[in-house]
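Comments concern the structure below.
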Amino acid sequence: MTVDHSRAPVLEALVEYRRRGRLGFTPPGHKQARGADPAVREVLGDAVFLGDVLASGGLDDRLTRGRVLVRAEELMADAVHAEHTFFTTCGSSLSVKAAMLAVAGPHEKLLVGRDAHKSVVAGLILSGIEPVWVEPRWDAQRHLAHPPSADGFEAAFDSHPDAKGALVTSPTPYGTCAELQAIAEVCHRRSVPLVVDEAWGAHLPFHPDLPTWAMDAGADICVTSIHKMGSGLEQGSVFHLRGDLVPPELLKTRADLLGSTSPSVLIYAGLDGWRRQMALHGQELMGAALDLAAEVRAAVEEIDGMHVHGREDFCGPGLADDFDPLPVIIDIGELGITGFRAADWLRDQRALDAHLVDHRRIGAQITHGDDRQTTGELLSALKDLARAAPGLGPGPQVDVPSPSELRMTQAALPRDAFFGPAENVPTGETAGRIAAEMITPYPPGIPAVLPGERLTEPVLRYLRTGLEAGMYLPDPSDPELETIRVVAAGEEATE
């Protein structure tokens, strides 16, 4: 079948909607901007409202006979070598849950890398799936986790042969990648599927110098956030499917349980337009981004007190298998300040927002949307930060546990601990208790504490010192972490 990637079905349908001057007595209630607040219209512009129409009964007819969305999904699947693609306007947080639910059900086992995003843990809580945690490869020198190895998944399957499949995160927010082909082979020897949370890898299919992406590596389901490294709108996500281990209709029904019945056509349009942009110009755009990132990396390395992590830092025996250079991860430990303090200074003093921030690093994400003007401003701000650092003071330091101290015992299923009887206990009294909530440093959004884990003093100390140093913890019931929600006394014996 000949595929025409110059077409963009969603965008073309929006043009036709306006050309025909359709008058909707349907939601959305702003009625093509006419009813929107004037101040909102002034800030957002009318184009936002003009593109905000019903997906069915607006963009398409009430029976979707124009197949607008289906055609857009088919084009996306072809562009990235998938057999089926599904759009969602609820982010990869929804997509990964749908993928998990298509592989395992309540009380069934799923192998999961313990460096998974909090959305994966939310999926475990909602589904009742029993996680079998596969340990990441831990760089103790840099206090950094890399994706689990294929051998790690092999060993986990040997111990849990009844597991229904596996889930791995690759790339990580730090740009480090797993050996996906080897992990897929581990799964397929057992005739179970591999799900890859590739939220940070939307760009990977479009340039040969980037790491191999999940569909080409043999994964069965791949979840991708188009808004992260692509040019879609926030919440724009797709999940791709190949092979026969997961029926497409099953994956679709699982997604339907979670998705909105009022999807945003604006987000659909962003997904559709990104696919066309990449299918027609992706290699050129990604090549330019890679060249630009190389220039930025070289320039940052020349700034006193800063080191840019590269392949030589992140890849090798016991570390990651591959590396995406577009997330520029900068170690600022020699400046004597934390990443939290550096990020706050850059925002307050230079109107520049860093992405990934931790106790000793900041991240500057380079995409095809950057150019020498934006990276020039970045480099200027980083040089100013290096000069200002001695006057900022070190600030509170984060007590980061060793790898052996970081992992806690999973004493109960995440769902049972989360939904069961619980109580709020002063944090200083919670060591040895079973957590009933997630506690997640964000970004990157990898939970330090999961519901069902037995709390230990090193992890509690890490969170307390992190919060004091500026760590953002969006999910605990007490944002000040004076108390933690734990399984109620008297209930732990039944776990």
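Here are the numbers for this structure:
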| read-out | value |
| --- | --- |
| Subset of the stretch 17-33 (residues that are over 13 Å from residue 53 (Cα atoms) and either part of a helix (DSSP H, G or I) or at pLDDT 95 or above (or both)) | 19 |
| Qualifying residue in the stretch 53-64 (condition: closer than 29 Å to residue 205 by Cβ and in contact with a strand residue (DSSP E or B) (Cβ under 8 Å, 6 or more places away or on another chain)) | yes |
| Any hit, the stretch 461-474, residues being open to solvent by 10 Å² or more (accessible area, probe 1.4 Å), more than 24 Å from residue 358 (Cβ to Cβ) and of a type in the set (Phe, Trp, Tyr) | no |
| Scan of the stretch 291-308 for residues that are closer than 14 Å to residue 210 by Cβ and either in contact with a Gly (Cβ under 6 Å, 6 or more places away or on another chain) or surrounded by fewer than 19 Cβ atoms within 10 Å (Cβ to Cβ) (or both), ordered by number | 291, 294 |
| Those residues of the stretch 479-494 which are charged (D, E, K, R) and loosely packed, with under 15 Cβ neighbours inside 10 Å, in sequence order | 480, 482 |
| Qualifying positions in the stretch 201-214 - at pLDDT 95 or above and either open to solvent by 10 Å² or more (accessible area, probe 1.4 Å) or not in a loop (DSSP other than H, G, I, E, B) (or both) | 204, 205, 206, 207, 208, 209, 210, 214 |
| Leading residue by the ranking (surrounded by the fewest Cβ atoms within 10 Å (Cβ to Cβ)) among those in the stretch 355-382 that are modelled with pLDDT under 95 and assigned to a loop (DSSP other than H, G, I, E, B) | 355 |
| Residue ID - nearest to residue 84 (Cα to Cα), chosen from residues in the stretch 229-259 that are open to solvent by less than 60 Å² (accessible area, probe 1.4 Å) and among the hydroxyl-bearing types (Ser, Thr, Tyr) | 237 |
| Residue list for the stretch 259-277, restricted to those being modelled with pLDDT of 95 or more and of a type in the set (S, T, N, Q) | 277 |
| Residue list for the stretch 383-394, filter: buried (at least 16 other Cβ atoms within 10 Å of the Cβ) and either out of contact with any helix residue (DSSP H, G or I) (no Cβ under 8 Å at 6 or more places or on another chain) or at pLDDT below 95 (or both) | 383, 392 |
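The values are calculated or read from the model by the stated rules, or taken from the named source; none is laboratory data. A quick note: this is a predicted structure, and the numbers were derived from the prediction, not measured. Neighbour counts are summed over all protein chains in view; Cβ atoms, including those assigned to glycine, are modelled from backbone coordinates with ideal geometry. Heavy atoms of the whole protein, side chains included, go into the accessibility calculation; ligands, DNA and RNA do not. Shrake-Rupley method; radii C 1.70, N 1.55, O 1.52, S 1.80 Å.
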